[in-house]
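Contents: one structure, followed by commentary.
Any read-out appearing in this document is the output of simple, stated calculations on the displayed coordinates, not a laboratory observation. Just so we're clear, the structure is a prediction, and the values are computed from it rather than from any experiment. Counting neighbours? That spans all protein chains shown, and the Cβs are built from the backbone with ideal geometry, glycine included.
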Amino acid sequence: MLLLDIDGVISLFGFDPNVRPEGSWHLIDGIAHFLSSAACTHLQRLGEWFDPIWCSGWEEKADEHLPSLLGVPSFPHLSFDQNPGRSNGHWKLAAIDAHAGERPVAWVDDALDERCEQWAATRPAPTLLMRTDPAVGLTDDGVEELVRWARALSQLAEGEEGPTGRG
């Protein structure tokens, strides 16, 4: 399972306007978002290895807007009891834990904190946390790291040797 935040992963912010990353502006529910032009390729590649799930305060809005804007298929989304803001990545943990159960999880987010790291370290299933810089978002190198992790898990499931990777 691949949990994907949106703001700071796909919708970039905080970059120098004079050195803007590749992407384009979109008005989504009255809010301007700068969507990474690499997001489509990244999500298609990751979809070969993972079951992607939107893990964002956008909740159902993610699937209302992003598939048509990015050219990706629909993904399910998690719903949260509260959203106290991007500085508290731990607010997602209860919903993530309930949904993930015993399955391996890779979580890509720009607001991961020490509670997220503690959660990942104590899960019985393999867990990878990937922090992004919100001005850059998910990178090619990040995608390849995720694919290597998923490939290693696949090899382990087939009885071959490989790392399990903990966030």
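In percent, rounded to a whole number, the relative contact order of the range 1-63 is 45, using alpha-carbon pairs under 8 Å and six or more apart. Backbone amide hydrogens, once placed in the peptide plane, bring residue 77 within less than 5 Å of 54, excluding anything fewer than 5 places away on its chain.
Antiparallel DSSP bridges in the range 2-157: what percent, to the nearest 5?
Counting DSSP beta bridges with both partners in the range 2-157, the antiparallel share is about 40 percent.
Measuring r between the beta carbons of residue 61 and residue 154 and using R0 = 25 Å, the FRET efficiency lands at 0.20.
Here the translational diffusion coefficient of the chain follows from Stokes-Einstein with Rh set to the Kirkwood radius across Cα pairs; for 10 °C and 1.306 mPa s it amounts to 98 µm²/s. Rounded to the nearest 20, the Cβ-based charge dipole of the chain about its Cα centre (Lys and Arg +1, Asp and Glu -1) stands at 80 debye.
Estimated purely from DSSP H runs of n ≥ 4, each contributing -39500 (n - 2.57), the mean residue ellipticity at 222 nm for the chain is -10000 deg cm²/dmol once divided by its residues. Across the chain, the relative contact order, built from alpha-carbon pairs under 8 Å that are at least six residues apart, equals 28 percent.
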